[in-house]
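Student: My questions all concern the structure below.
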């Protein structure tokens, strides 16, 4: 299934990348024809060259890591206080 925000399907991405790689057409022209950004097509062309068709598959848009994310025990503690003590944001805030 295609990601709902994806500008093209996997097949469309493959066709666009093939125009650049196999036919040697400029990225700017192909991007304009497919109604996508040059930077997006450049990214797809690089992925296609590196990994073939597998490089054009849909990817998760979530970040790989979240360095400022709270530890699980803190989230559980906050949820516990909200349920048992009925604390809101003002009681939970520091300072």
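The values are calculated or read from the model by the stated rules, or taken from the named source; none is laboratory data. Keep in mind it's a predicted model, so treat the numbers as computed, not measured. Ideal geometry is used to build each Cβ from the backbone, glycine not excepted, and the neighbour counts take in all protein chains shown.
Student: What is the one condition in (1) at pLDDT below 90; (2) assigned to a helix (DSSP H, G or I) that residue 1 does not satisfy?
Tutor: (2)
Student: Give 84, 9 a once-over and let me know the one that is out of contact with any strand residue (DSSP E or B) (no Cβ under 7 Å at 6 or more places or on another chain) and surrounded by 12 or more Cβ atoms within 10 Å (Cβ to Cβ).
Tutor: Testing whether each residue is out of contact with any strand residue (DSSP E or B) (no Cβ under 7 Å at 6 or more places or on another chain) and surrounded by 12 or more Cβ atoms within 10 Å (Cβ to Cβ) leaves just 9.
Student: Ok, one more. For residue 13, only one of the following conditions fails: (1) at pLDDT below 90; (2) touching a helix residue (DSSP H, G or I) at 6+ places or on another chain (Cβ under 6 Å). What is its number?
Tutor: Condition not satisfied by residue 13: (1).
Student: Continuing with the same structure: Within region 49-64, how many residues are over 17 Å from the mean Cα position of the chain (by Cα) and surrounded by 10 or more Cβ atoms within 10 Å (Cβ to Cβ)?
Tutor: Result for region 49-64: 4.
Student: On to the next question. May I ask you to verify whether residue 67 is closer than 30 Å to residue 93 by Cβ and either over 15 Å from the mean Cα position of the chain (by Cα) or assigned to a helix (DSSP H, G or I) (or both)?
Tutor: Against the criterion (closer than 30 Å to residue 93 by Cβ and either over 15 Å from the mean Cα position of the chain (by Cα) or assigned to a helix (DSSP H, G or I) (or both)), residue 67 qualifies.
Student: For residue 25, work out the one condition from (1) surrounded by 14 or more Cβ atoms within 10 Å (Cβ to Cβ); (2) assigned to a helix (DSSP H, G or I); (3) touching a helix residue (DSSP H, G or I) at 6+ places or on another chain (Cβ under 7 Å) it doesn't fulfil.
Tutor: Going through (1) surrounded by 14 or more Cβ atoms within 10 Å (Cβ to Cβ); (2) assigned to a helix (DSSP H, G or I); (3) touching a helix residue (DSSP H, G or I) at 6+ places or on another chain (Cβ under 7 Å) one by one, residue 25 breaks only (2).
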